[in-house]
1. At what distance in nm do the modelled label points of A124 and F24 sit from each other, each positioned 7 Å from its Cα along Cα→Cβ?
2. Return the FRET efficiency for the residue pair W103, H49: r is the Cβ-Cβ distance, R0 is 22 Å, and the value is rounded to the nearest 0.05.
3. How large is the charge dipole for segment 7-130, taken about the Cα centre, if only the Cβ atoms of Lys, Arg (+1) and Asp, Glu (-1) carry charge, to the nearest 20 debye?
4. Under the 0.36 nm per residue contour assumption, what length would be gained going from the current alpha-carbon distance of A111 and S75 to full extension?
5. What's the long-distance tail for segment 6-100, i.e. % of Cα pairs beyond 15 Å?
6. Show that you can apply the helix-only estimate: for the chain, add -39,500 (n - 2.57) for every DSSP H stretch of four or more residues, divide by all residues, and state [θ] at 222 nm to the nearest 500.
Amino acid sequence: MVGREDVERLPVAPDRPQAPWHPFPLVELCVLVGIVLLVLGLISNDTPHGRAMLVAGLALGSLGGLDTAAREHFSGFRSHTLVLAGVPTVLVAGVLYFTAVPWPVVAVGAAVTLALALRLLWRAYERRAA
């Protein structure tokens, strides 16, 4: 059995980065409101208000997680390259989809965006972590 002292760890920054609005719990409140909106939206998902609450809840919950991932990534604390690269990838795929381009173009556009974002975000993390 391998003990904890035998496992090689990657170097990380000593402390998790604080939000600019610290100590106000903005991210936590954003996620809480997102969860409440999701529950309310699920209860009344057959109405336009219910669908709007679902979308708003998903957006607020995602923003809460994205904020933490971006702060940790760009401070060099921990890499969240794939999570952050998914944001522009989904945006590009959504724009291509809603402009009614053929499916292969959507797939290639998303793949190119993902590859470019992964490369740029990994470089940004390496600069801060070094």
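1. So the two model labels end up 2.4 nm from each other.
2. Details: r = 33 Å, r/R0 = 1.48.
Between W103 and H49 the formula returns 0.10.
3. On the way: 9 positive and 7 negative charges, 68 e Å.
Roughly 320 debye, rounded to the nearest 20.
4. Values: separation 36, 0.36 × 36 = 12.96 nm, distance 2.65 nm.
Using 0.36 nm per residue and subtracting the Cα-Cα distance, I get 10.3 nm.
5. It works out to 71 percent of all Cα pairs.
6. Working: 4 runs with 91 residues, N = 130.
Using -39500 (n - 2.57) per qualifying helix, the result is -24500 deg cm²/dmol.
No value in this document is a laboratory result; all are computed from the given coordinates. These figures come from a predicted structure and were not determined experimentally. Ideal geometry is used to build each Cβ from the backbone, glycine not excepted, and the neighbour counts take in all protein chains shown.
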